[in-house]
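Below is one structure, written out as structure tokens, with a few remarks after it.
Only the coordinates and a few stated rules stand behind these numbers; no lab work does. The shown structure was predicted, so the numbers you read here are calculated from the model rather than taken from an experiment. Quick reminder, even Gly has a Cβ in these numbers, built from the backbone with ideal geometry, and neighbours come from all protein chains shown.
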Protein chains: 2
Amino acid sequence: MKKKQTQKHSIHDIAKVLQLSPATISRVLNNHPHVHQSTRSRVMAMIDHMGYKPNPMASGLRTNKTNTIGLIVPRISMFVHAEIITTIQNELHAFGYNLIICQSNDSVKMEKELTRTLYASRVDAVIAACTLFTTDFSHFDILVQNNIPVIFYDRVPVRPYPACIIKGDDFRGGYLAAAHLIELGCRRIAYISGPLLCSIYIDRYAGFKKAMLQHELPILTNQIFYHELNAENARKAMEKLFAKKPYPDGIFAANDVTALEVLSFAKEINVQVPGDLKIVGYSNDPRSSIVTPSMTTIEQFPMHTGKVIVTELMKILKRELNKKDSIEFPQITTAVGLIRRMST
Amino acid sequence: MKKKQTQKHSIHDIAKVLQLSPATISRVLNNHPHVHQSTRSRVMAMIDHMGYKPNPMASGLRTNKTNTIGLIVPRISMFVHAEIITTIQNELHAFGYNLIICQSNDSVKMEKELTRTLYASRVDAVIAACTLFTTDFSHFDILVQNNIPVIFYDRVPVRPYPACIIKGDDFRGGYLAAAHLIELGCRRIAYISGPLLCSIYIDRYAGFKKAMLQHELPILTNQIFYHELNAENARKAMEKLFAKKPYPDGIFAANDVTALEVLSFAKEINVQVPGDLKIVGYSNDPRSSIVTPSMTTIEQFPMHTGKVIVTELMKILKRELNKKDSIEFPQITTAVGLIRRMST
DNA sequence: TGTTTTTACGAAAACGTTTGAGTAAATAAA
DNA sequence: TTTATTTACTCAAACGTTTTCGTAAAAACA
């Protein structure tokens, strides 16, 4: 490693060696017109030669832009989110934006703190997938009030909120899952849902309900569960469902972690899947394809969602730039699809 | 939502209403001594009341600190990394640092670009888990030369590099896995390794080798594979291993994705696991516990690793602050452990 | 040719903080 | 009492950009 001390250069240093003013260098860097082609290339060459990098804090101070986007997400280890984040990041990187990823760990308190932190960091925009328990979205007000655009995705505000909203077609997902089970002959279908505070579970439940009603199947309240979707809760639900006959012949679990635990429980009590019991999960977690039998689930196309998010964000930031305060907040629904596997 | 336009305040605004100079406000904010207790509390109260947030760009411009740490990682969806990142982030947040997470997607080209980007963003330090194929670490030179501390973890430079290095005890991991198989009676043990360019695979292989030699077992070159560890390559390896007898009776896979594919292949060709074939994976991916039979694997304690990383980083940043140029680069090895499950 | 318009640049004032130097007032030491 | 020290503050100069305004020179036009 050569120990050449790469000293930091400023716009003034470039200007001095080229007998120009700092203003001209700045104009070159920002692709301003009204700078002669020959000086532009001289400047570019010198910038390259001296290894100059603009100081984002200085320009940020002046322009009030950080070129940084904040992202709040429950947990990056959740597969769908990991995929979405990856896409968002790659896309944003292409546009010259940095991404600060924050995890709320499904805690509302943490989510509140993170919005404050992001506000304090002066990010140019915030992308958020809220916690399961976020029903009051007022901690995002401070961003909206200060004209920091907010994009919600996945878990989004239920009531109107002045922000762009991008959500999966959870209604259709719920419908597809239930219709699939019904089509395969299931008549006693149980549904393990997340808490109905959260947009996605409200919609999935509505879709489920529609399919059931359409086929004139009863929705038995003791076959429907609402709770945070983790393995322990899934197990408790299963214990209740299989406490006495008649057993359900189909279970729709509103996420894959739950579906996997359902399967695991069914195996333990020697209920045959898919023979005696058919199971549908949600999200196409990588685990769902390797388990035996492999799990039928709803695909959410996370990469597509990520792209849509960035596309909308760029539109918003451009419009923000033009100071056209057309306060329109697009609401976009992204597609879902059923992946049929061995559990049905 | 109240539409109260929270106008941005500066240190000057606070100073004016309190009949003080901006310098005093600044000193309060930075806990400088030589400011009277009574004025300190007056200032704090006013800051709170006016909802003032310091502008990080202005202070960053002045102090040349961003309070932001850059992180380069192959993929956040890899479980171990997701866990480590989560811990790092939570710890850093407590210290008032932001984290910019970048994914190299195991591409050296991308990794190079990301180091440049992070350098240009003026992060205070960089934490990096390199790609599988990074053998030349010179793209990190620009950081080191400019006194931006670098901490490598997981996949670390093989040859000396002026940076802090934190790695799992891969030698021990390899040894534990092989010794476990041997202890259970395996005599024809195959090993599916990642490319031997990468520190972790070098060490795991060495550990594997030591256990084999210790028990006077032969290392057959046609039972050892070196390639990027993904499902397709694992399948190819298995096809070769089970092309003709004698079949291996134990397989050590250097990551869990490979181990899972090995298991899946074994099932397909009706080789009984663990009866005919025992399998050990690496990393304790969540999938390894839900597959049937569940997978024996090596635990890396990612949360502990994350904590160690942040602890070391804080030490370095503090020492950096004191301008004590004691150029010591600690090298820390974190523990691993065997998790025995049904595949052995 | 002279006049107007356009082009290519420079000067200088911001942006909001930190910090060294300077200075009154208060306190301690002689 | 005078002198030295400490305390609590102010002043003003940075940090590295961007951007408005101004102005020569060049180009276009009459």
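Before moving on, here are some points about what is shown:
- FRET efficiency, 1/(1 + (r/R0)^6) with R0 25 Å, evaluated for residue B:94 and residue A:63 via beta carbons: 0.20
- Karplus-based coupling profile of segment A:140-150, in residue order and whole Hz: 8, 4, 4, 6, 4, 4, 9, 6, 9, x, 10, with θ = phi - 60° in 6.51 cos²θ - 1.76 cosθ + 1.60 and x standing for Gly or Pro.
- Charge sum, other residues only, whose C-beta stays under 11 Å from residue B:33's C-beta, Lys/Arg counted +1 and Asp/Glu -1: +2
- Choice from A:293, A:302, A:56 showing the highest fluctuation, given a GNM over chain A with Cα pairs closer than 10 Å: A:56
- For segment A:247-333, the set of GluC sites (Glu not before Pro) satisfying both a DSSP loop assignment and a count of at most 16 other C-beta atoms within 10 Å is given as A:328.
- Of all DSSP beta bridges in chain B, antiparallel share, percent nearest 5: 10 percent
- Prolate/oblate/rounded call for the protein assembly as shown, Cα gyration tensor, a/c under 1.5 rounded: oblate
- Pairs of Cα atoms nearer than 8 Å and 6+ residues apart set the relative contact order; for segment B:105-223 it is 23 percent.
- Over 24 Å apart at the Cα level, from the set A:8/B:65; A:112/A:315; B:244/B:267; A:167/B:109; A:315/B:112, are A:112/A:315; A:167/B:109; A:315/B:112.
- For chain B, built as a Gaussian network whose Cα springs stay under 10 Å, the top-fluctuating residue of B:121, B:288, B:193: B:121
- Model label sites at residue A:276 and residue A:196, defined 7 Å from Cα along the beta-carbon direction, differ in position by 3.1 nm.
- Potential lengthening between residue A:210 and residue A:41 on full extension [0.36 nm per residue; Cα-Cα distance subtracted]: 54.4 nm
- Beta bridge orientation in segment A:131-276: antiparallel %, DSSP, nearest 5: 0 percent
- An oblate overall shape is assigned to segment A:208-306, the ratio a/c of its alpha-carbon gyration tensor axes (a ≥ b ≥ c) being 1.5 or greater and a/b not exceeding b/c.
- Note on segment A:61-150: dipole from Cβ charges, positive end direction compared against A:69, A:105, A:133; the farthest Cα belongs to A:69.
- Global geometry of segment A:99-188, whether rounded, prolate or oblate, following the gyration tensor of its Cα atoms and the 1.5 cut on a/c: prolate
- Only aspartates and glutamates eight or more places from residue A:236 in sequence, or on another chain, were considered; those with a Cα closer than 13 Å are A:228, A:261.
- Note on residue B:23 and residue B:318: with the Förster distance fixed at 22 Å, the Cβ-Cβ geometry gives a FRET efficiency of about 0.30.
- With 10 Å bins from 0: P(r) over chain A, alpha-carbon pairs, percent: 5, 22, 25, 18, 13, 8, 6, 3, 0
- Distant-in-sequence amide H partners of residue A:68 (H built 1.01 Å from N, under 5 Å): A:98, A:124
- Summing Cβ point charges (Lys, Arg +1; Asp, Glu -1) relative to the Cα centre of the protein assembly as shown gives a dipole of roughly 1840 debye.
- Ranked B:245, B:278, A:65, criterion: other C-beta atoms within 10 Å, fewest first: B:245, A:65, B:278
- Estimated distance in nm for a label pair at residue A:135 and residue B:245, the labels positioned 7 Å out from Cα along Cα-to-Cβ: 6.7 nm
- Couplings for segment B:115-127, taken from phi via the Karplus curve 6.51 cos²θ - 1.76 cosθ + 1.60 with θ = phi - 60°, read 5, 4, 4, 5, 4, 5, 6, 6, 4, 7, 6, 10, 10 Hz in order; Gly and Pro are left as x.
- Inter-label distance for residue A:187 and residue A:32, nm, one decimal - labels placed 7 Å from Cα along Cα-to-Cβ: 7.9 nm
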